[in-house]
1. If you scan segment 109-127, which residues turn out to be open to solvent by 10 Å² or more (accessible area, probe 1.4 Å) and in a helix (DSSP H, G or I)?
2. Between a first residue in segment 133-155 that is closer than 17 Å to ILE96 by Cβ and a second residue that is among the hydroxyl-bearing types (Ser, Thr, Tyr), which pairs have beta carbons less than 6 Å apart while being 6 or more apart in sequence or on different chains?
3. Could you pull out the residue among THR87, THR75, THR91, THR79 that is of a type in the set (Ser, Thr, Tyr), open to solvent by 30 Å² or more (accessible area, probe 1.4 Å) and under 11 Å from the mean Cα position of the chain (by Cα)?
4. Checking the structure you have, find out if any residue of segment 57-65 is crowded, with 17+ Cβ neighbours inside 10 Å, more than 23 Å from TYR23 (Cα to Cα) and among the basic types (Lys, Arg).
5. So for segment 114-122 (the condition being of a type outside the set (S, T, N, Q), closer than 27 Å to PHE3 by Cα and in contact (Cβ under 8 Å) with a residue 12 or more places away in the chain), does at least one residue qualify?
6. Of the residues that sit in segment 1-34 and are in contact with a Leu (Cβ under 9 Å, 6 or more places away or on another chain) and open to solvent by 40 Å² or more (accessible area, probe 1.4 Å), which one is farthest from ALA106 (Cα to Cα)?
7. Quick check on GLY54: is it at positive phi and not aromatic (Phe, Trp, Tyr)?
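The values are calculated or read from the model by the stated rules, or taken from the named source; none is laboratory data. All values reported here derive from a predicted model rather than from experimental measurement. FYI the Cβ positions are ideal-geometry reconstructions off the backbone, even for glycines, and counts take in every protein chain you see. Surface areas here come from the heavy atoms of the whole protein model, side chains and all, with no ligands, DNA or RNA. Shrake-Rupley method; radii C 1.70, N 1.55, O 1.52, S 1.80 Å.
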Amino acid sequence: MGFLTWLEASGLAEWVRMSTAGYPTVITLHAIGMAIMVGLCVIVDLRLLGKFDGIPYQAMQRLLPVAWVGFGINTLSGTGLFVAQATMFATDLMFISKIVLVFLGAATAGILQPELARADTWPGGVPPARVRRIAAISIFFWLAAIVTGRLTAYIMLPILGGGQ
């Protein structure tokens, strides 16, 4: 736990925990990054599942680089949130579950991105069953990540005496 204690003593952790602007800034950026990544990924996933059929797959493909920007924002802001209470988060099963779900959601986006690039080769313009399954699983991962993230912030942190 020495490294985690060191992280909690870092300037970034102190700024997030103690400054008037730190926590509100980081949590706002985290919400914005999540809205971008999850929102765009779920729209793409729903398109692959047959919704929004008036929108071409090529347009959906152009959304994913923007989603990755959201992922980057979330990674940076999430790091700021983590270092502020690293020793607690490192042992919180809900938080660890959230992180696993976020990376599984990102992995599905990474799998679907090149699949979308091949959309013009799909017979009848219909995504293969494998692609549709991944899109459905992706929605589950993202929604479960949001729920576990909220449970971490609003249930586990107050119980453990943490939180802001």
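1. GLY110, ILE111, GLN113, PRO114, GLU115, ALA117, ASP120, THR121, PRO123, GLY124, GLY125
2. THR148/SER97
3. THR75
4. For segment 57-65, residues crowded, with 17+ Cβ neighbours inside 10 Å, more than 23 Å from TYR23 (Cα to Cα) and among the basic types (Lys, Arg): absent.
5. If we filter segment 114-122 for residues that are of a type outside the set (S, T, N, Q), which is where we start, we get 114-120, 122.
Then keep just the ones that are closer than 27 Å to PHE3 by Cα; that gives none.
Looking for residues that are of a type outside the set (S, T, N, Q), closer than 27 Å to PHE3 by Cα and in contact (Cβ under 8 Å) with a residue 12 or more places away in the chain, one finds none in segment 114-122, hence no.
6. Filtering segment 1-34 down to residues in contact with a Leu (Cβ under 9 Å, 6 or more places away or on another chain) leaves 13, 16, 22-23, 26-27, 29-30, 33.
Now drop any that are not open to solvent by 40 Å² or more (accessible area, probe 1.4 Å), which leaves 23, 27, 29.
On the way: TYR23: 25, ILE27: 20, LEU29: 18 Å.
The residue in question is TYR23.
7. Numbers: at positive phi: no; not aromatic (Phe, Trp, Tyr): yes.
The answer is no for GLY54.
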